[in-house]
Amino acid sequence: MIASIMLTAAQARSKAQNDLTIFNEVRDIEEAILTASVDGAYDITLNGTTMTASATYANVWKGVVADRAKEIQMATIIKYFTDLGYSIERRSNPTTGTTFDWQVYW
């Protein structure tokens, strides 16, 4: 039997998601949560991450630009934190007007 040289659909999706971007975004949010919770806070507003600092991600979120990979990346972030019991949403960054902030509550 000849081994397949073509990616399966699942492998292609995984490559398109750019796992390092997701990993770094999760770690940035986790660090902000840990820091805030030590200070007695129950929520964070986070910007300056790979996703939040990018007008491209904001435009995908707002539906201005179609990019399925970035949609899936952001959905993965939201699912990860909601599965842990957090509330997480995106809000337009009022300072830039072209990016977004992660708002996380616990």
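Angle of helix 68-83 to the longest C-alpha principal axis of the chain, folded into 0 to 90 degrees and rounded to 10: 60°.
Of all the options GLY40, GLY63, GLY85, the one that moves most in a Gaussian network model of the chain with Cα springs shorter than 10 angstrom is GLY40. Each of GLN103, ALA41, SER92 was scored by the projection of its Cα onto the charge dipole of the range 17-105, and the greatest displacement toward the positive side belongs to SER92; charges sit on the C-beta of Lys, Arg, Asp and Glu.
Under 5 Å from the amide H of THR99 lie the amide H atoms of ASN93, each residue being 5 or more positions distant or on a separate chain, with H modelled from the backbone and absent for Pro and chain starts. In the list [x] 28; [y] 33; [z] 39, the label attached to percent of Cα pairs over 21 Å apart as derived from the coordinates here is [z]. Computed about its Cα centre, the charge dipole of the range 17-105 is approximately 340 debye, with only Lys, Arg, Asp and Glu carrying charge at their Cβ.
Running a GNM on the chain with Cα contacts under 10 Å, which residue among VAL65, VAL38, VAL26 ends up with the highest mean-square fluctuation? The residue with the greatest mean-square fluctuation here is VAL38. Here is the list for the range 1-74: chymotrypsin sites (Phe, Trp or Tyr not before Pro) lying in DSSP coil, each with at most 10 other C-beta atoms within 10 angstrom of its C-beta, are TYR42.
Any read-out appearing in this document is the output of simple, stated calculations on the displayed coordinates, not a laboratory observation. All of these numbers come straight from a predicted model, not from anything done at the bench. Positions of Cβ are generated from backbone atoms using ideal geometry, with glycine treated the same way; all protein chains shown enter the neighbour counts.
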